[in-house]
Amino acid sequence: MSSITSLPKSSSQGTSRLPAEWETGMYGIPVARYTDREFAKLEAELFWPKVWQMACRVDQIPSPGSYTVYDIINESIVVVRIDEHTVKAYHNVCPHRATMLALGSGRFQLEQIVCPFHGWKWNLQGENTYVPERQEFKGGCLSNEDIHLKEVHVHIWAGFVYINMDKNPAPFEQVMEPVRDIVEGIKLGDMKFHWHISARVNANWKVAQEAFIEAYHVPQTHPQLTNGTSTEVANSIWTWETMANGHGLFHSAGVTSMGRLPKNLLLQMSQDEQTDALLRSLTSLYQGHDSMVHAEEVEIARTMRRRKLPDDVTVGQEFQKVLREHYAAQGRPIGDFETLAKCTDMHIFPHVTFLPSFGNAVMYRARPTRENDPDWCIFDMYAVRTYPKGQTPPKWETRHAEGDLKDPKTWYLIPSQDFISVTRQQQGMHSMAMRSTLMAERPESLIVNMHRELDKYLMAT
């Protein structure tokens, strides 16, 4: 990947406000980056207002007047559908007396944005159309231009709506260039809502995110996904790629997409044994979070027992061929398998991670809370998928997780397993015995890459 500069001047050209002891280390991450309120303040001032960040998916705002609110610390942004091709985003505040104009998600009736306090009105383009008793303001000289809603930058890409609050942000295309081809090849932009769960988590936003950009934890945390494969064997078949601009991915090298075993080992197994391994893998993912794999794929896998396999073709390879034919018959988009093979897990800096499979994906987003308490974050988990031609995806609904996040009944088995460690990790970060974490050179390289990119924002002058 080419190296791309997407940030302001480095601290070498001025005085950095990031203390040296808080900078990303060569072998680990200082725990103050996860626990110190002053570090969180630096992020709030120097990072979040300047970085391109995912506010929502386009199908959350399906028709003109549809809106959703994206909160990031003290800033609240309302994202509005203008027409089929246009989305705008505004600071979610009335210029009169600072009342928030919208909450949650919904639709502005009659395509008017109305302040609930005093009834000021704007059209969807953010232009003021009505002020009661206008002559009472600014000596009767209040103009519409004085009170238009303050717009923020918006970019629609791959089904995402990204926003940036900086006056002169880095070009979006430049920032996303390292991941563009893979994201588009996976057909993420064709995927629509399946489910969305949002949770308030007792962990720093980076701690919550980091659990999903490394596979080092999988054999211990998710044993049902590895079928007894050791950490050493698992790490020997994974490849990690850190990218410019803080992005990164990992994938399984020389391994079939299902079953997590090299082809030469699979060909030594009988067709029934290969099918059993395929079904175990698919079923674990389906039951684990009903996102990367659905019942439909599991049922197709069951048919592999009775299919005649060509020479030197594994059950997994034949399954992919059959699945592609099945999707094509439905008119359902699916990413090309060559691209899917390059991406088991991708991190899009700063706060989105997704794991694709066939025409499906699970996605994660982490962000600070309104209070900017470093021990808490808002964590969103999304399941998206492509649908057969002519089938209307379900209406977007956000479920707020309530109860113990370590209980599978609260959401799904796989995230519940992750959050057992995530919340314990955040507690451990406060120990006087910890000054810095210790990172594995390859398996946890995406975490270090993310922090080094974050440093560039915090060290800019």
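Please list R370, R306, R200 in order of solvent-accessible area, largest first, computed with a 1.4 Å probe with all protein chains present.
R306, R200, R370
Apply 1/(1 + (r/R0)^6) to the Cβ-Cβ distance of Q224 and R370, taking R0 = 45 Å, and write down the FRET efficiency to the nearest 0.05.
0.80
Over all alpha-carbon pairs in region 387-461, figure out the percentage whose distance exceeds 21 Å.
For region 387-461, the share of Cα pairs beyond 21 Å comes to 60 percent.
Run the 1.4 Å probe and let me know the accessible area of H400, rounded to the nearest 10 Å².
Number for this one is 120 Å².
What is the pair-distance distribution P(r) of region 268-415, computed from all Cα-Cα distances in 5 Å bins starting at 0, with each bin given as a whole percent?
2, 8, 14, 18, 19, 15, 10, 7, 4, 2, 1, 0, 0
How high is the relative contact order of the chain, given as a whole-number percent (alpha carbon pairs under 8 Å, six or more residues apart)?
Worked out over the chain, it gives 24 percent.
Could you work out how far apart the two model spin labels at E441 and Q391 are, taking each label as a point 7 Å from the Cα in the direction of the beta carbon, and quote it in nm?
4.7 nm
For the chain, what is the mean residue ellipticity at 222 nm derived from helices alone (per DSSP H run of n ≥ 4: -39500 (n - 2.57); sum divided by total residues; nearest 500 deg cm²/dmol)?
-7500 deg cm²/dmol, from helical runs alone.
Can you pull the accessible area of K187 for me, 1.4 Å probe, Å² to the nearest 10?
Around 80 Å² of this residue is reachable by solvent.
Over the Cα atoms of region 295-343, Rg to Rh with Kirkwood Rh, two decimal places?
With Rh from the inverse mean 1/r over Cα pairs, Rg/Rh is 0.97.
May I ask which of K167/K342; K50/K395; K192/K321; K121/K389; K41/K167 have a Cα-Cα span longer than 29 Å here?
Check vs 29 Å cut-off fails for K167/K342; K50/K395; K121/K389.
Beta carbons within 10 angstrom, averaged per residue: use that to sort the peptides 444-456, 60-72, 124-136, highest first.
Top of the packing list down: 444-456, 60-72, 124-136.
For region 262-316, what is the Kirkwood hydrodynamic radius in Å, using each pair of distinct C-alpha atoms?
Evaluated on region 262-316, it is 11.7 Å.
Find the accessible area per residue for the chain; the probe is 1.4 Å, ligands and nucleic acids are left out, and the unit is Å².
Roughly 45 Å² per residue, with all protein chains present.
Residues in region 106-143 near a label at E151, defined as backbone nitrogen under 11 Å from the 7 Å Cα→Cβ point?
From region 106-143, the list is 125-127.
Once you sort the root eigenvalues of the Cα gyration tensor of region 42-88 as a ≥ b ≥ c, which label holds: rounded (a/c under 1.5), prolate (a/b larger than b/c) or oblate (the other case)?
prolate
Once phi is turned into ³J(HN,Hα) by the Karplus curve 6.51 cos²θ - 1.76 cosθ + 1.60 with θ = phi - 60°, what whole-Hz value does each residue of region 313-324 show in order, with x for glycine and proline?
Values per residue, Gly and Pro as x: 10, 7, 4, x, 5, 5, 4, 4, 5, 5, 5, 4 Hz.
Using only the alpha carbons of region 359-415, determine the length spanned along each of the three principal axes and report them from longest to shortest in whole angstroms.
That gives 45, 24, 18 Å along the principal axes, largest extent first.
Just to be sure I understand the model, the point goes 7 Å from the Cα along the line to the Cβ. What's the resulting H326 to M432 distance in nm?
Rounded to a tenth, the inter-label distance reads 5.9 nm.
In whole percent, how big is the carbon plus sulfur part of the accessible area of the chain, probe 1.4 Å, protein atoms only?
50 percent
For region 106-251, which semi-axes, largest first and in whole Å, follow from the square roots of 5 times the eigenvalues of its Cα gyration tensor?
47, 19, 15
Could you pull out every residue, at least 5 positions away or on a different chain, whose amide H is within less than 5 Å of the one on R107? Hs are placed 1.01 Å off N in the peptide plane, and Pro or chain starts have none.
Under 5 Å from the amide H of R107: Y67.
W22 accessible area, nearest 10 Å², 1.4 Å probe?
Approximately 40 Å² of W22 is accessible to the 1.4 Å probe.
Counting pairs of Cα atoms in the chain, how many percent are more than 43 Å apart?
Here the tail beyond 43 Å accounts for 18 percent of pairs.
The values are calculated or read from the model by the stated rules, or taken from the named source; none is laboratory data. Just so it is clear, the model here is predicted, and its values are computed rather than measured. For neighbour counting, all protein chains shown are included, and Cβ atoms are generated from backbone atoms with ideal geometry for every residue, glycine included. Note: areas computed on protein heavy atoms with side chains; ligands, DNA, RNA excluded. Shrake-Rupley method; radii C 1.70, N 1.55, O 1.52, S 1.80 Å.
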